[in-house]
Amino acid sequence: MSQFFQIHPENPQKRLIKQAVEIINRGGVIVYPTDSAYALGCHLGDKSALEKIKRIRQLDDKHNFTLVCRDLSEIGTYAKVGNQSYRILKSHTPGAYTFILKATSEVPRRLLHPKRRTIGLRIPENEIALELMRELGEPIMSTSLILPGETDPMMDPYEIREVLQHQVDLVIDGGYCGMEPTTVVNLVDDTPEIIREGAGSLAGL
């Protein structure tokens, strides 16, 4: 049975953030709010938690996972960022974007696209998500909470708890955070290519 935390979207309770991070560090899978939709997350080094997320979403090995980061310097640790890409990242983060970049050796191989060696990275404009990463001290391995056969992410924390209470370790109720997934931008060649139009504006890309 999953735990259920109600966390204030603008002033997250430190005690609950700490407890949520303890669950992540113990290998738990959590549902947490971002600036575009609710997401599934786990520790980036935990193989069994990743496998659990893949089972929930019925994902194959070609799925591009995302590292949700707290700031630009963290993105630079996990991805190779060219000059033009850096300017785009600086002007569009935090925000509802996922950027596909070439990964550095800091990223576990099981998270990478098997052929292209790429990883998705993003910095959400959501205080709960940012506080989780500040407390964790590293990115959260993440993917949108879109169940098999569905096209839109789940958006009601109570419904999420009802459906996934035996499959995840924690559901964080952070209020309404939208139901449109991120805009996905490929920056591998330092020139933006729109892969998916979503919540993030295309202006300036």
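The values are calculated or read from the model by the stated rules, or taken from the named source; none is laboratory data. The model shown is predicted, which means the values in this text are computed figures rather than measured ones. When we count neighbours, we look across all protein chains shown, and the Cβ atoms used for this are built from the backbone with ideal geometry, even at glycine. Just the protein is used for accessible areas: all its heavy atoms, side chains included, with ligands, DNA and RNA removed. Shrake-Rupley method; radii C 1.70, N 1.55, O 1.52, S 1.80 Å.
Structure notes:
- Volume per residue that the Cα convex hull of the stretch 158-205 spans, once the total is divided by residue count, Å³: 128
- For the stretch 73-93 versus the stretch 23-54, the inter-centroid distance based on Cα atoms is 23 Å.
- Size descriptor for the stretch 126-191, Kirkwood hydrodynamic radius: 14.2 Å (Cα pairs only, one decimal).
- Cα point-scatterer Debye curve for the stretch 48-91, base-10 log of I(q)/I(0) at q = 0.21, 0.24, 0.25 Å⁻¹: -0.77, -0.84, -0.87
- Once Rg and the Kirkwood radius are both taken over the C-alpha atoms of the stretch 90-205, their ratio Rg/Rh works out to 0.96.
- When the stretch 20-106 is reduced to its Cα atoms, the Kirkwood hydrodynamic radius in Å: 14.4
- Of the residues Asn64, Gly200, Gln3, the one whose Cα sits farthest toward the positive end of the charge dipole of the chain, with +1 on the Cβ of Lys and Arg and -1 on the Cβ of Asp and Glu, is Asn64.
- Rounded accessible area per residue of the chain, 1.4 Å, Å²: 47
- Taking all C-alpha pairs of the chain, those more than 26 Å from each other amount to 26 percent.
- Positive contributions from Lys and Arg (+1) and negative ones from Asp and Glu (-1), summed over other residues with Cβ under 15 Å from the Cβ of Gln165, come out at -3.
- Rg and Dmax, both from the Cα atoms of the stretch 1-52 and both in Å, are 11.5, 32.
- Computing Rg and the Kirkwood Rh from the Cα coordinates of the stretch 112-156 gives a ratio, Rg/Rh, of 1.04.
- Rh by Kirkwood over Cα pairs, then Stokes-Einstein D for the stretch 56-152 at 1.567 mPa s and 4 °C, µm²/s: 93
- For the chain, a simple Cβ point-charge model (Lys and Arg +1, Asp and Glu -1, everything else neutral) yields a dipole of about 840 debye relative to the Cα centre.
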